[in-house]
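S.K.: One structure coming up, written as structure tokens, with questions to follow.
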Amino acid sequence: MSGESSPTTLAQQLTEAGCLAEPWRDTFTQVDRKRFIPDRIWIHGEGGYHPVNRTTDPDRWNALVYDDQALVTQVEDDSDTATALVPSSSASMPRVVATMLDALAVDDGMTVLEVGTGTGYNAALLAARLGDQYVVSVEMDPRLADTARERLKDAGYAPTVITGDGAEGCPARAPYDRVIATCALHTVPYALVEQTTPGGVIVLPWGTGLYNGVLLRLTAGEDGTASGPFIGDSAFMWSRNEAPERDVMATVRKQDRPRATATTARTSLDPRDVFGDENAAFTAGVLVPDCRCTVGHGPDGEFTVWLADHATGSWTSVDYVPDATEFDTHQHGPRRLWSEVETAYEWWQSACSPDRTRYGLTVTPTGQYVWLDTPGAPLP
Ligand SMILES: C[S@@+](CC[C@H](N)C(=O)[O-])C[C@H]1O[C@@H](n2cnc3c(N)ncnc32)[C@H](O)[C@@H]1O
């Protein structure tokens, strides 16, 4: 980070890293990220997110704004504390912004719907490239929407910013040639497909309770469906109406003496083989739906993986011990979550351990399904 940071140095940094496609270079140089960033930002560090204030630390704030970093711009927990744990809005990492815009493949005259205005920076990039009248952005948090509108106006851009749930899109301005979400989704809202022109493209971060996440690029069909592959990795904060239950242990603690009442067994599946392998973890997330995971670390390399399905109250623990070949499991509730993970892992291995980019998703009016290699056949 240098004292001479500017939109130009940021664009250069992204170009040198191979992350900024040629059609977007001028736009990234032209739109000043600084104009969209609040005076207090939060940077991830030990124990959570730590504030950096423009007034008290202007050089650091300035350098961060033009660095290739995600900047948390709002936190849910008390923002006067020195450490925050739960971010609720951010300016995404510039290389991720650039990658998603490249995947969107916009062209002159195209209309774009964005879900998740946040700071307004991405909306400004789209407006600068395509023209204000071609861009609609929806933000669920009224305060953020208002601030983004003001910042966009001050910076000289005027895309339409709607306060509302982006899952509903913006039917009044539909159809759109392109749709981009900048919050993670699991269930792709059908409204977004319905509001996309046939042949149009939808780019969104997608995830499961066990893996957040991947970048999905759908193409809308003539038949009212949309289909396409996962094209890379992309971890975003969840859409506010989709965030999985955060506190896995809350499900476990609902019971008195949880482990004493659970079914115990031993497993030969090393939890590191599933959760230490991104492709296995992605597959488990697809095949074991509505399941969340957390890890508690013990002494000498021991750890426990906890899985929970909040809705059914089912939970599982697996105790990892270094050098062991079998591990204790405790399972409780109508779902046997570890058994489901074992089945998912076996399926993934039997399919020759596919990479997550070999999967894709199809959205129909009645639901969605994940497929491997070619659209058409849902996974087992
Ligand atoms: C990572 S930030 C977006 C970054 C933004 N595109 C930018 O350029 O700064 C995610 C945003 O999505 C918003 N959001 C979450 N769920 C939403 C929903 N269902 N509809 C609209 N906005 C949503 C959050 O309030 C947050 O501001």
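So that you can scan it fast, the table gives a plain yes or no per residue for (1) among the hydroxyl-bearing types (S, T, Y); (2) at pLDDT 95 or above; (3) out of contact with any Phe, Trp or Tyr (no Cβ under 9 Å at 6 or more places or on another chain):
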| site | (1), (2), (3) |
| --- | --- |
| P271 | no, yes, no |
| D290 | no, no, yes |
| F303 | no, yes, no |
| D309 | no, no, no |
| V321 | no, yes, no |
| T366 | yes, yes, no |
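S.K.: Please tell me if D290 is touching a residue at least 12 places away in the same chain (Cβ under 8 Å), charged (D, E, K, R) and under 30 Å from G221 (Cα atoms).
M.R.: Judged against the criteria, D290 is a match.
S.K.: Within the range 120-148, can you find the residues that are among the acidic types (D, E) and touching a residue at least 60 places away in the same chain (Cβ under 8 Å)? Full working, then the answer.
M.R.: Quick first cut of the range 120-148, residues among the acidic types (D, E) only: 132, 139, 141, 146.
Result: D141, single match.
S.K.: Given the range 286-335, what strands (runs of 3 or more DSSP E) lie entirely inside it while holding 2 or more residues that are of a type in the set (S, T, N, Q) and not assigned by TED's automatic domain parsing to the domain that holds G207?
M.R.: Here the list reads 314-320, 327-332.
Per-residue answers, yes or no, for (1) of a type outside the set (F, W, Y); (2) more than 16 Å from the ligand (Cβ to nearest atom); (3) crowded, with 23+ Cβ neighbours inside 10 Å:
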residue: A220; (1), (2), (3): yes, yes, yes
residue: P229; (1), (2), (3): yes, yes, no
residue: G232; (1), (2), (3): yes, yes, no
residue: E242; (1), (2), (3): yes, no, no
residue: M249; (1), (2), (3): yes, yes, no
residue: K254; (1), (2), (3): yes, yes, no
residue: T261; (1), (2), (3): yes, yes, no
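S.K.: Hey, another quick one. Based on what the data block shows, is Y190 of a type outside the set (D, E, K, R) and more than 17 Å from T119 (Cβ to Cβ)?
M.R.: yes
S.K.: Hey, among V112, V136, which residue is in contact with a strand residue (DSSP E or B) (Cβ under 7 Å, 6 or more places away or on another chain) and closer than 22 Å to L20 by Cα?
M.R.: V112
S.K.: For V274, which of the numbered conditions (1) closer than 27 Å to R217 by Cβ; (2) β-branched (V, I, T); (3) part of a loop (DSSP other than H, G, I, E, B) fails to hold?
M.R.: (3)
S.K.: Would you please list the contacts, defined by Cβ atoms under 8 Å and residues six or more apart or on different chains, that run from a residue in the range 108-119 that is under 22 Å from S239 (Cβ atoms) to a residue that is within 11 Å of the ligand (Cβ to nearest atom) and of a type in the set (D, E, K, R)?
M.R.: Close Cβ pairs (under 8 Å, with a partner that is within 11 Å of the ligand (Cβ to nearest atom) and of a type in the set (D, E, K, R)) amount to G116/E139; T117/E139; G118/E139; T119/R151.
S.K.: Let me ask another. Against the condition modelled with pLDDT of 95 or more, in the same structural domain as S314 (by TED's automatic domain parsing) and either outside any strand (DSSP E or B) or surrounded by fewer than 16 Cβ atoms within 10 Å (Cβ to Cβ) (or both), how does A281 come out, does it pass?
M.R.: In short, yes.
S.K.: While we're here: Looking only at residues in the range 102-125 that are under 14 Å from L204 (Cα atoms) and among the charged types (D, E, K, R), which one is nearest to the ligand (Cβ to nearest atom)?
M.R.: Looking at the filtered set, the residue picked out is E114.
S.K.: While we're on this one: For the range 9-50, which positions are surrounded by fewer than 14 Cβ atoms within 10 Å (Cβ to Cβ) and either outside the structural domain of A127 (by TED's automatic domain parsing) or aliphatic (A, V, I, L, M) (or both)?
M.R.: Selection gives A17 alone.
The values are calculated or read from the model by the stated rules, or taken from the named source; none is laboratory data. Remember, it's a predicted structure, so these values are computed and weren't measured experimentally. In this analysis, Cβ positions are derived from the backbone assuming ideal geometry, glycine residues included, and neighbour counts consider all displayed protein chains.
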